[in-house]
1. Does R21 satisfy the condition of being modelled with pLDDT under 95 and either of a type outside the set (V, I, T) or exposed (fewer than 11 other Cβ atoms within 10 Å of the Cβ) (or both)?
2. Looking at (1) surrounded by 10 or more Cβ atoms within 10 Å (Cβ to Cβ); (2) at pLDDT 95 or above, which one does R13 not meet, given that it meets all the others?
3. Name every residue in the range 24-44 that is loosely packed, with under 10 Cβ neighbours inside 10 Å and of a type in the set (D, E), in order of residue number.
Amino acid sequence: MSTVQEIESAISRLSPDEMRRVREWLDQQIEDQLEMTPEFLARIERSEQDMAAGLRPRT
């Protein structure tokens, strides 16, 4: 059994509150690892310009 499978199995036995706490922890871990690259910042700026111009977001 892989580590991911073990983690999935353990998570499936948690209470809803414990699952929420794990999700929040994972969200924080992922957020901490994101890099604000120039490309990413440019995409944010472009999106803000589109919203200011009243353009609809892509679906």
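1. Here the answer is no, as R21 does not meet what is asked.
2. Condition not satisfied by R13: (1).
3. If the condition is that a residue be loosely packed, with under 10 Cβ neighbours inside 10 Å and of a type in the set (D, E), then E31, D32, E35, E39 are the ones that fit.
The values are calculated or read from the model by the stated rules, or taken from the named source; none is laboratory data. In this text the structure is predicted, and so the values were computed from the model without any measurement. Ideal geometry is used to build each Cβ from the backbone, glycine not excepted, and the neighbour counts take in all protein chains shown.
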